[in-house]
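*Asks:* Quick one: this structure, given as structure tokens, is what I'll be asking you about.
The values are calculated or read from the model by the stated rules, or taken from the named source; none is laboratory data. Since we're looking at a predicted model, the values are computed, not measured. Positions of Cβ are generated from backbone atoms using ideal geometry, with glycine treated the same way; all protein chains shown enter the neighbour counts.
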């Protein structure tokens, strides 16, 4: 049968396949199926489209492919690309529909490609050839160093974020509340009117039918805002929990020492 393909990213040639030690994908195209069953590619594609439309197989990817015709001229065509376990299932159905006599060859080719993957994934100490073993060891060490570098980078990011997270938690745990005129000063220089507009936009506060500010349901239930009775009208105040939640959402860093 024609060459089926073993594809990966960041790869190097190996026979007619492309292989590396990671991100391995086994693929088969509709052109390769046509070559296997010795039928015209357009006829094979029509069968595939019929099976797709009837829901028997899954819609595969479509890619551009270049090949040479009988006269040695380059031709461009659209091919269906079948990948992995789903691709193996669907190509089996397609070949069974087109020409069941070739099912054995199809199964053998998928098995061969899977065996190639297993061979490629052998750890370096299991490879007998010394040169191949050395190359594999270099790949393993490079991959290990990349993972360690990413873990170190993530640990540094977490360490940088930790004081801010602690500050949010410490502030949110404080009892009491404050008026808006005091609260906005902690939010990195934001203006009072901008803070109030943010609260309107986020539905923290709304206007009631008398055009007075009222607390949004969720903010009331969450303890972000409270009402304080005054001689004139109730005053909406923000709790420390609400201030911490607001700073988180605005991505503003709070300093716990400012609240001692």
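*Asks:* Go through the range 178-222 residue by residue and tally those that are within 17 Å of residue 259 (Cβ to Cβ) and touching a strand residue (DSSP E or B) at 6+ places or on another chain (Cβ under 8 Å).
*Replies:* Residues flagged as within 17 Å of residue 259 (Cβ to Cβ) and touching a strand residue (DSSP E or B) at 6+ places or on another chain (Cβ under 8 Å) within the range 178-222 amount to 4.
*Asks:* Tell me, please, whether a residue that is free of Cβ contacts under 8 Å to residues at least 60 places away in the same chain and not in a helix (DSSP H, G or I) can be found in the range 90-107.
*Replies:* Checked against the condition, which is being free of Cβ contacts under 8 Å to residues at least 60 places away in the same chain and not in a helix (DSSP H, G or I), the range 90-107 yields no hits at all.
*Asks:* Here's something else I'd like to know. Within the range 169-182, how many residues turn out to be surrounded by 12 or more Cβ atoms within 10 Å (Cβ to Cβ) and farther than 19 Å from residue 230 by Cα?
*Replies:* Of the residues in that region, 4 qualify.
*Asks:* So, one more: Give me the strands (runs of 3 or more DSSP E) completely within the range 1-82, filtered to those with at least 2 residues that are at pLDDT 75 or above and surrounded by 14 or more Cβ atoms within 10 Å (Cβ to Cβ), ordered by residue number.
*Replies:* 24-29
*Asks:* Moving to a separate point now. Would you confirm, using the coordinates I've provided, whether residue 243 is touching a residue at least 40 places away in the same chain (Cβ under 8 Å), touching a strand residue (DSSP E or B) at 6+ places or on another chain (Cβ under 9 Å) and either assigned by TED's automatic domain parsing to the domain that holds residue 168 or within 26 Å of residue 169 (Cβ to Cβ) (or both)?
*Replies:* yes
*Asks:* So which residues in the range 206-235 are assigned to a loop (DSSP other than H, G, I, E, B) and at pLDDT 85 or above?
*Replies:* 223, 224
*Asks:* Another one. Just to check your reading of the model, which residue among 90, 85, 108 is in the same structural domain as residue 37 (by TED's automatic domain parsing) and surrounded by 12 or more Cβ atoms within 10 Å (Cβ to Cβ)?
*Replies:* 90
*Asks:* Mind telling me which of the residues 241, 196, 185, 203 ends up being in a loop (DSSP other than H, G, I, E, B) and at pLDDT 80 or above?
*Replies:* Details: 241 fails: in a loop (DSSP other than H, G, I, E, B); 196 fails: in a loop (DSSP other than H, G, I, E, B); 185 fails: in a loop (DSSP other than H, G, I, E, B).
When all the criteria are applied, what remains is 203.
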